[in-house]
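To start, the structure itself, in structure tokens.
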């Protein structure tokens, strides 16, 4: 009874192909969503930090709402609710991308906000004393330091979020989890299939970690490390 | 309750609200069980992690690393589909959901608590030993009271992750808020379109999670552990 038959997965070229495509889609969607989410998060953190009326309150509510509701509910709303409400139709991956980007942006915004708060006042005063304009001050002085200081938190948050992206298979995206569920439905070797999937997820997460660490070393080499 | 909601909101809406709210209780039960079970196993793993035995420490590190790296979704699939098929025996969704969420919670809680205990200066241990106290006596009388202060806020904060995590249990057929809500969203009934049901569900989840998030924030400020807390990253 207790028999592991991993070969049923890897001897089938179609299954392997699906897994490979799943890995590619999972990785590319997550990375794209993270980049988009980061840009949105930057905006959210800045308006909240600068106390822009209305926008700051909106940013607070948005971040709290996203952080206190499950990703799957957000995804279902974005994939099934919004299109019906506004009358548009996108491919599945479009919904997934929008849902993930919205989700990521809230978590990143929270991290960036704490980074913005931690910037030493002297840095901004020095920039003012040099007569730098507001946007130059932000781009040249504030942003690089904030991003460098919160980069490790952003990295681990990103990895954590990546591990939750399997739920996009539930809205029809043919990601890694979707490939696994498909193979499972053909072979009924659930245990082997999901062990394989788990190993793939962990391997991708470790690869992400290594890449992001290399980026940290390369771009933020000037940073003082403890 | 059902009649009152129907009276207030009309036929499909009232019934739907009643069903959603009564399904929420299973979300709460599952979260509570996962938190308690995760706390228990997490506590044992923490003990193993700080114990004097090298192999035990290694095992605990491995456990924490392993289950922090495995996606919750995969734990659910493995316990809800994988293990039953492997054993050739049906497993109740309750058992599978409880097992996966407990394991998930235990790894995170163990990591948070390990960080809290190790944030206490080693001089405290040495002082205890100098007084002739044993491991558990030092732990109970000296270390834990101090570590509790550090660990409280992130522990409360993690309960939010557990509640959000339970929303995935519908994948293995667990009947909770998520499951019932999805069924309503798919039902061809006027007034329960996806753009009404899902925001409602989000509001219910929000009502469960937000007070806990606030409590965690309050504790961080109140106990003065803000920024000092060894946070396990959570989404």
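The values are calculated or read from the model by the stated rules, or taken from the named source; none is laboratory data. Not measured: the values here are computed from a predicted model. All Cβ positions, glycine included, derive from the backbone under ideal geometry; neighbour counts span all protein chains shown.
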Practice prompt. Would you check if there is a residue in segment A:10-21 being in a loop (DSSP other than H, G, I, E, B), surrounded by 18 or more Cβ atoms within 10 Å (Cβ to Cβ) and either in contact (Cβ under 8 Å) with a residue 60 or more places away in the chain or within 14 Å of another protein chain (Cβ to nearest Cβ) (or both)?
Written response: no
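Taking the criterion of being buried (at least 21 other Cβ atoms within 10 Å of the Cβ), in contact with a helix residue (DSSP H, G or I) (Cβ under 7 Å, 6 or more places away or on another chain) and in a helix (DSSP H, G or I), would at least one residue in segment A:83-92 satisfy it?
Initial filter on segment A:83-92 (buried (at least 21 other Cβ atoms within 10 Å of the Cβ)): none.
Taking every residue of segment A:83-92 in turn, none turns out to be buried (at least 21 other Cβ atoms within 10 Å of the Cβ), in contact with a helix residue (DSSP H, G or I) (Cβ under 7 Å, 6 or more places away or on another chain) and in a helix (DSSP H, G or I).
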Discussion item. Restricting to segment A:44-95, name every residue that is more than 14 Å from every other protein chain (Cβ to nearest Cβ) and within 23 Å of residue B:209 (Cα to Cα).
Written reply: A:44, A:45, A:48, A:56, A:57, A:58, A:59
Worksheet, complete the sentence: Restricting segment B:141-199 to residues that are part of a loop (DSSP other than H, G, I, E, B), more than 8 Å from chain A (Cβ to nearest Cβ) and free of Cβ contacts under 8 Å to residues at least 60 places away in the same chain, the one nearest to the chain's Cα centre (by Cα) turns out to be B:187
Worksheet item: Just wondering, is there one or more residues in segment A:120-133 that are within 14 Å of chain B (Cβ to nearest Cβ), at pLDDT below 90 and outside any helix (DSSP H, G or I)?
Response: no
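Could you run through segment B:200-214 and say how many residues are crowded, with 16+ Cβ neighbours inside 10 Å and either free of Cβ contacts under 8 Å to residues at least 40 places away in the same chain or at the interface with chain A (Cβ under 8 Å from one of its Cβ atoms) (or both)? If you could, list the steps in order and put the result at the bottom.
We begin by selecting, within segment B:200-214, every residue crowded, with 16+ Cβ neighbours inside 10 Å; these are B:200-202, B:204-206, B:208-210, B:212-213.
Checking which are either free of Cβ contacts under 8 Å to residues at least 40 places away in the same chain or at the interface with chain A (Cβ under 8 Å from one of its Cβ atoms) (or both) leaves us with B:201-202, B:205-206, B:209-210, B:213.
Qualifying residue count, segment B:200-214: 7.
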Fill in: Count - residues of segment A:168-205 that are without any contact (Cβ under 8 Å) to a residue 24 or more places away in the chain and either in contact with a strand residue (DSSP E or B) (Cβ under 9 Å, 6 or more places away or on another chain) or farther than 18 Å from residue B:67 by Cα (or both)
6
Worksheet, complete the sentence: Listed by range, helices (runs of 4 or more DSSP H) wholly within segment B:42-133 having at least 1 residues that are surrounded by 16 or more Cβ atoms within 10 Å (Cβ to Cβ) and touching a residue at least 60 places away in the same chain (Cβ under 8 Å) are B:54-69, B:72-77, B:93-118
Worksheet item: Looking only at residues in segment A:165-179 that are over 14 Å from residue B:171 (Cα atoms) and in a helix (DSSP H, G or I), which one is farthest from the other protein chains (Cβ to nearest Cβ)?
Response: A:179
